[in-house]
Structure formats: structure tokens, C-alpha cells
Amino acid sequence: MIKTKVGIIGAGLTGLVAAKELNKKGFQVSIFEKLNQAGGRMRTETIDGWNLDVGFQVLLTSYPYLKKHIDLSKINLLNLESAATIFRNGKTTEVGDPFRTKNILWKTIFSDIGGFGDKKLIYKLKKQVDGQSISEIFKTESISTFEFLNEYGFSETIIDRFFKPFFGGIFLENDLSTSSRMFLFTFKMFASGKAKIPKNGIGTIAQQIVSKLERVNFHFESEVVKIEDQTIYLKNGESESFDYVINTIPNYQNRKDSGQWQECYNLYFEHKSPAIISQPRIGLNANPDRLINNIFYPSIHQNLKMHKGKSLISITVLNSQGLSEKDLAKKVEKELESDFNIPEPRLVKLYYIPYSLPINKQPKNYVAFDYSAKTFEVGDFLLNGSQNAACKIGGLISKHILEVKEL
């Protein structure tokens, strides 16, 4: 019996999940990846003995489709505290969930990130999203997160000092223009689960799926330049034809339906002084007009003895302000010294990630496919920008192809 051939372009989460599901049903699957490893936006590189994620990311254990396709119990994970250290005007403030973080209750109550009314509203919002399903959230009115927070009654102080740096770092934009649907969904995921980081890097997520794809043909360093009549043409002149083609490349031929993407920069610095945050938690920069949005110390779960006690800090920058990468790194160094009192940081690596998150004004939770189509362009941009959506869409497209074959 001749097997159905499926060609998948891109070895990110969507492509890998689709390959996994089709492979289980006996399809002959080939994956074409431009880079030399799988993972897409979830990759890890080793430089100077440090494991560096290509873009700071965390896993939210309440993501239903991430849990469906990834066995998190088989990955060595670090629990992040449900708390943040906020840096502003040379001072630090600690805030967090008192039900899940020790010794944070009074610090949070008396913090200056907002008034007591703001903190009551956070509790009210948590109760609200607890009572809403994910499907219900994605059917709510879609306004900007900034508008939603204002209408909900939050003060300008807490929006500027907490919501903008925290959720701005998640949405990769400074103005909270992201849809309120994404805000409510993300708020629910944080409130109902835990944030974790793979100790060996975010790339271990992709590696787990790859390890199960023994019958899938991987073609690394294989850039696709054209798709025509289910034939994939590579930059090296080779080509191959398939019964179905699944294209997961974010910016393939500047696709018109999803042409806008959030970009970001992720910089890693090494410094000799002790880490300024010793707990496994994120640091937020609430100082205005700064490049640095957030910081995190990957070195708290890596081998410090090998690095002679040095610390490794991850920096996320949302807007380069038009600076060259060289000038950007220099200005970030100055902010580390002025805002965080970190002397003599040494740049280990700067990553520019142009297609970090899709800009979707009307994010949703489901999509249907054309039963007459043979080539599909899919990714989290069809739903909402998240690891959960990347896994879900991979499952949906594989299910669709299976249904078409059974017709």
C-alpha cells in the first residue's frame, strides 16, 4: 500500500506536533528546516559553556495543548516563583501571589506599585477568569489590554508600574495594545498553573518530540524557496512532491493575512558580581524610557563552578529605538549599571528575533480548513500567539488531513 506523503516546512512546535500526529497514523512525513536544528522560536544554543535560549520564554503548565503533546514530567523543570522584583528609581519592590509565594504577602500589600483598591481588583479579576472557559474568553469583546485595564478600574500607577512591564514583556510591546482576549487568557493561565523553565533550555521541548519521530525524514539546512502544486523547491536546487504540504514558516513570501509580527532582542551578559535576584523569578524594569523590559538569571540553574562563580543574566528588549546592534548592546550595558547596579557586564550573545509573536487584533481559539486544499499555511498566527496555540494548530491540521483522507 502506498503511503500518503506529507511535506512539512519548518521544525517549530506546529510542524513537529503535526508530524507527530500524522506519523502515528502511518503517513510518510518529511520536514524541511532552514536551520541546523529543530525548535523554531523555541531553540537553545550553547555558547561559552552557557545554555542560551533564543529568546527568553517560560512554560505555563496550564496550557492544555502543551500538556497534550509534551510530557512535562519527563523534562527537568525549574519552578518560577509567582512573584516579581520591580526596579524603579534606584529602588526595588517585591510583589507576588501570597498563596503561592512565601513571605510575599506584606511586601505586596505595602508595595507602591498600586493602591489597595488595585490589589482587590486583581483578586476580583482572578475570580472572573477562574469562572470562564478558554473558549468563552476568546469570544469576549476584543479591545486593547490598556483599554480593558482602564475600564476595569485599575489605576494609572499599577498599569505603568506592573501591567506594562510584566504583560508588555509577554506581549512584546510597550503600550498594551494587544487584545484583551490574550490578556485574559494569559492571566488565567498564570493564575491556574505554574510558570516553569527547562533547566537544560527551552529547546528540550522540541527535542522530546523529535526523539519520538523515528520514521520522519528530517532535512536540516534546507531552505524552501517555492511551493507549487504540492512540490517543494529548495534553495540548493532539489525538489520533492507530496500529497499534502504544511507550511509553518511565519513570513513565507510575506503572507498577506498575517504580515505583522512583534520583534524583540534577547541579550545575555556575564558578570562577576553576585546575581541581584537570587530567587527564581523575573525582574521588571519600571523606569520610563528604558531599553530593558525584563531580566532573568539562567545561571541560578546552571553550573556556576564551571564558570568560576560568574552570573549569567538574560535581558529582553522590546524596542531597539532604531539603534544598531552594537549601539544597542552598549546602551543596555549602561542601563545594567545605572538601573540595576551591575558593574562591568560582558556581552555573551545578542539575538534579534524578528518574528517573535504575531500581531492579531482578533485572536481566536479555533479555525477550520478548506477540504479541497492540498497546501496549507498554518501557525499560531491563525489562532493566538502562544505555545499552546502552536501545539493546537499542529494537531488541528493533522486531524483535518486525516479527515480528508477518510472522505
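Throughout, read-outs are computed from the coordinates displayed, never taken from laboratory work. Since this is a predicted model, take the numbers as computed values, not measurements. Here the Cβ is made from the backbone with ideal geometry for all residues, glycine too, and neighbour counts use every protein chain on show.
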(message) At a 10 angstrom cut-off on C-beta neighbours, averaged per residue, how do the peptides 58-64, 44-50, 216-222, 202-208 rank from highest to lowest?
(response) 202-208, 58-64, 216-222, 44-50
(request) Using 0.36 nm per residue of separation minus the Cα-Cα distance, give me the extension gain between residue 2 and residue 228 in nm, one decimal. (result) 79.1 nm
(request) Report the calculated FRET efficiency for residue 135 and residue 68 (r = Cβ-Cβ distance, R0 = 22 Å), to the nearest 0.05. (result) 0.90
(message) List the residues, sorted by chain then number, that are 5 or more residues from residue 377 or on another chain and whose placed amide H is less than 5 Å from its amide H.
(response) 247
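Go ahead and estimate [θ] at 222 nm for the chain from helices alone: -39,500 (n - 2.57) per DSSP H run with n ≥ 4, summed, over the residue count, rounded to 500.
Computed ellipticity for the chain at 222 nm equals -8500 deg cm²/dmol.
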(message) What is the distance in Å between the Cα centroid of segment 129-208 and that of segment 279-351?
(response) 23
(request) Quickly work out the residue 221-to-residue 46 label distance, labels modelled 7 Å from Cα along the C-beta direction, and quote it in nm with one decimal. (result) 1.9
(message) Just to confirm a number: summing +1 for Lys and Arg and -1 for Asp and Glu over residues other than residue 213 whose beta-carbon lies under 14 angstrom from that of residue 213, what do you get?
(response) +2
(message) Which chymotrypsin sites (Phe, Trp or Tyr not before Pro) in segment 60-122 sit in a loop by DSSP (not H, G, I, E or B) and have at most 14 other Cβ atoms within 10 Å of their own Cβ?
(response) 99, 110
(request) Lys and Arg at +1, Asp and Glu at -1: add these up for the other residues within a Cβ distance under 15 Å of residue 151 and post the number. (result) -2
(request) Kindly put 317, 129 in sequence by how many other C-beta atoms sit within 10 Å of each C-beta, fewest to most. (result) 129, 317
(message) How big is the dipole moment of the chain about its Cα centre under a simple scheme where the beta carbon of each Lys and Arg is +1, that of each Asp and Glu is -1, and everything else is neutral? Debye, nearest 20, please.
(response) 1240
(request) Run down the lysines and flag those whose C-alpha is under 17 Å from the C-alpha of residue 305, throwing out any fewer than 8 positions away in its chain. (result) 199, 272
(message) 7 Å from Cα along Cα→Cβ at both residue 321 and residue 374: what's the point-to-point distance in nm?
(response) 5.3
(message) Under a crude label model (7 Å from the Cα following the beta-carbon direction), how far is residue 260 from residue 110 in nanometres?
(response) 4.5
